[in-house]
Structures are given as C-alpha cells and as structure tokens.
Amino acid sequence: MIGSEVCVYFAQQGHQIIGLDNNQRAVFFGPQGDTRWNQKRLETTLKGYQHIELDIRDRNGVLALIEKIKPDAIVHTAAQPSHDRAAAIPFEDFDTNAVGTHNLLEAVRRYCPESPFVHMSTNKVYGDAPNSIALIEKETRWDYADLQYAEGIAENFTIDQSKHSIFGASKVAADIMVQEYGRYFNMPTCCLRGGCLTGPNHSGVELHGFLSYLIRCNLEGKEYKIYGYKGKQVRDNIHSLDVARFIEAFINAPRIAEVYNLGGGKNNSVSIIEAFKLVESISGIPQKFSYVNENRIGDHICYYSDLRKMQAHYPSWGITKDLKTTFEEIVESWEARLKA
Ligand SMILES: NC(=O)c1ccc[n+]([C@@H]2O[C@H](COP(=O)([O-])OP(=O)(O)OC[C@H]3O[C@@H](n4cnc5c(N)ncnc54)[C@H](O)[C@@H]3O)[C@@H](O)[C@H]2O)c1
C-alpha cells in the first residue's frame, strides 16, 4: 500500500521509479491480500515505472540489483506487516523484516551510500510500553491523563523492556540497524515509525489495515470484531499522500540516522467506536460488530504520534488530509472496487 502510493507520488514529480515486490502479501494473507491489481495499476498508469519481481530475502539478488541501478533514493516499505501473522510464521517474519532490511542497507552502503534510505518502521517498536501511561476513560475513547503526552508519543519514548509481539521485535531489529548504518557509516538514513498509515488503495484485511478493513466491513454489511478495551482504543491515521510528502521532504534535505513518529497526530486520532459513527455518517449503512472481551497481545490502548519533531525539522510539511476526507476517499475506493 505505502510503497505504491510513494511510487505514484514520485512518478507525478517526473521521477523514474523501480518498484520491487514479489506479491508476498498474498502468501502472508491469502487471496484477499493480493496486490497484483495494484502492481498492474502502477505499470499501466505511471510513466517511467518499472516493476522488478524480487524477494528482499534474496541477498545476492538485492546486491546485484542495487549495484546495477544505483538508485538516487531508496524507500523501503516491503514487510510482513502483521502482529498476529508473525506469531504463526516467525522465521518468515524475521527474515523479511530484519534480514531483508539488512540486505537492502548493505547493498546501498556498498553501491550508493550517499543515497537517502527511508525505512518504514512502526510504532510497534515501542511495544506495549505506551500502555503504561496513565489514561482517562472518556465516553467514546481512552486518552492520556499524563499531560507530558498531551501532544502524543515522541521519538524518545522507550523501546526497551516491553512486549512487542514477534512482528514488533523484528521491526525493532530493522529500525536499530537502519539507525546504525546511519550513525556508524554516516549514511542518510531515517526510520519512520508509522502509526496507522492508510489511504484509498489499501487492501485492508482483518489482521492488518484496520481502517480500510473496517470501512470494507461497513460497506459489505459484514461484522467487524472489536478486540477488548471496550472499542475505545485510539489510533492516529495518516493518509498515504502525507506520508509520501514527508518522504520527499526527507529525501530533499536528508539527515543522518533520524527517527520520526509518522502518524496523523492528535487531530487525526479516532477510536473504533468513533470510526463506526464516522463511516456510518458517510455510507448511511449501520455498522455491524461483535465484541471479544480479550485484547490483541501487545495492542495499544491509546496511541497517537507527537508530530512536533517532524514539523521542527521540516517546517513546510504538515497534515493535509483530515480524518473525514481520508474516510470519504476510502469509502469511494471500496465502493468502486467492490462493484468491479
Ligand atoms: N499500513 C500501516 O498502517 C503501517 C503502520 C506502521 C508501519 N507500517 C509499515 O509500513 C510498511 C508498509 O506497510 P503497508 O501497509 O504498505 O504493507 P503492505 O503489506 O501493503 O505492503 C508490503 C509489501 O511488501 C511486499 N513484500 C513482503 N515481503 C516481501 C519480500 N520478501 N520481498 C519483496 N516484497 C515483499 C508485499 O508483497 C507488499 O506488497 C511496512 O514496513 C509496515 O510495517 C505500516
């Protein structure tokens, strides 16, 4: 999802793009996670786009490709992206997220070390430590009681000694290695610790892509399962366009070994039951749901990103797509896809 949005954005700026993917998402999630439709969309609609079918776990293949193309910038968004899936396939998860990232980093260090390397990390590197922040229960959501977090979670929050899930731990390994290649080899790397990244082209499935999946459930009249926390768990959502705009800002003025919490921030935060109301107001369809009294392991009760570091380093960047617009675009996209 994010990779394709970044391709579209940079192609629109006139860049030549090489997209690397092997549709592993269909292996991880089955036919519902298949991304070939999106690959075809890029190949048929983007000028200067070339698809390369390559597995990032293939170390020699990655080294040979980077040596050949020596890209001016690398945006690394390939991953096994789900907590729950990782527990079932821990080797594939670690080999993709940690080792695959390392393969790319080393290839870049050998053949184009000056090229900015942007890595999509995740806020799951903080594990369940955000759940130790004192909370208040409001009518439709949890929120931080501790005023230190009034603007959200900042990048200096601890990543240590908490439960991450197998996925979170493999992403920590990648995040630290990306930082290390920056600090140790003086390379322009950055980790973007994403919250909920979303957009109209997300193939959301139950285990990954909550907003896209929730909206699809609404439109199809399917039941959405809430896991614990009374449905008041809070996530901040950032539209993929604003993600791409930040990546562009970093590539144009790169820094060494940076880390940013990339999310929609407090203004784009929403709880599950608030999301039901918002989608119902757009589609006119009542949301069906059921409640499971047990939360997902390591799931955040309340998480929204403090965007102040990003804004301080890149003042021309800011959120341009608010929550309602993002919902409307996802509704429109699913309506079109479900009809097709
Ligand atoms: N979407 C979110 O809400 C979110 C939030 C935080 C972080 N992130 C991170 O952003 C990145 C992208 O997320 P996304 O939502 O676009 O996920 P996605 O599953 O839509 O995209 C990942 C892509 O990587 C490809 N891939 C997986 N394994 C591969 C391999 N071994 N070789 C080549 N390609 C492979 C998949 O086929 C898929 O197209 C991930 O690192 C994820 O952890 C996403």
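The values are calculated or read from the model by the stated rules, or taken from the named source; none is laboratory data. Worth saying up front: this structure is predicted, and the values here are computed from it rather than measured. No Cβ is skipped: glycine too gets one built from the backbone with ideal geometry, and neighbour counts run over all protein chains shown. Side chains are part of the model used for accessible areas, which takes the heavy atoms of the whole protein and leaves out ligands, DNA and RNA. Shrake-Rupley method; radii C 1.70, N 1.55, O 1.52, S 1.80 Å.
A few points about this structure:
- Over region 233-333, relative contact order from alpha-carbon pairs under 8 Å, at least 6 apart, %: 46
- Of all the options SER121, SER269, SER316, the one that moves most in a Gaussian network model of the chain with Cα springs shorter than 10 angstrom is SER316.
- Relative contact order, percent, region 1-154 [alpha-carbon distance under 8 Å, six or more residues apart]: 20
- Once you reduce region 93-145 and region 7-61 to the center of their Cα atoms, the two points are 21 Å from each other.
- Residue-averaged 222 nm ellipticity for the chain, from DSSP H runs of 4+ at -39500 (n - 2.57), nearest 500: -12500 deg cm²/dmol
- Paramagnetic reach from ALA253 in region 304-322 [backbone N under 13 Å; point 7 Å along Cα→Cβ]: 310-318
- Placing unit charges on each Cβ (+1 for Lys and Arg, -1 for Asp and Glu) gives region 239-322 a dipole about its Cα centre, and among LEU278, PHE289, ASN252 the Cα reaching farthest toward its positive end belongs to ASN252.
- In sequence order, region 133-139 has phi-based couplings of 6, 4, 10, 10, 9, 9, 4 Hz under the Karplus curve 6.51 cos²θ - 1.76 cosθ + 1.60, θ = phi - 60°, and Gly or Pro positions carry x.
- Most fluctuating residue given options ASP146, ASP93, ASP175, as computed from a GNM of the chain linking Cα atoms under 10 Å: ASP146
- Each Lys and Arg Cβ is given +1 and each Asp and Glu Cβ -1; about its Cα centre, region 6-99 then shows a dipole of about 320 debye.
- Among beta bridges from DSSP that stay inside the chain, the antiparallel ones total about 20%.
- Computed extension length for SER281-ALA340: 18.9 nm, one decimal, from 0.36 nm per residue of separation with the Cα-Cα distance subtracted.
- Low-density loop cleavage sites - trypsin sites (Lys or Arg not before Pro) in region 274-329, where at most 14 other Cβ are within 10 Å (DSSP): LYS288
- Antiparallel bridge percentage (DSSP; both residues within region 177-283; nearest 5): 35
- Springs between Cα atoms under 10 Å define the GNM used for the chain, and in it the highest mean-square fluctuation of THR189, THR35, THR158 occurs at THR158.
- Label-zone membership for region 64-90, site ARG110, 7 angstrom Cα→C-beta point, backbone N under 15 Å: 64-71
- Sulfur and carbon atoms: percent of accessible area, the chain [1.4 Å]: 51
- Average accessible area per residue (Å²) across region 267-340 - probe 1.4 Å, nucleic acids and ligands excluded: 52
- Helix 165-185 axis, angle to the chain major axis (alpha carbon atoms, nearest 10°): 40
- Normalised contact order of the chain, rounded percent, pairs of Cα under 8 Å and 6 or more residues apart: 19
- Estimated FRET transfer efficiency when R0 is 51 angstrom, pair GLN12-ASN293 (beta carbons, to 0.05): 0.65
- Net charge dipole size for the chain [Lys, Arg +1 and Asp, Glu -1 on Cβ; Debye, nearest 20]: 280
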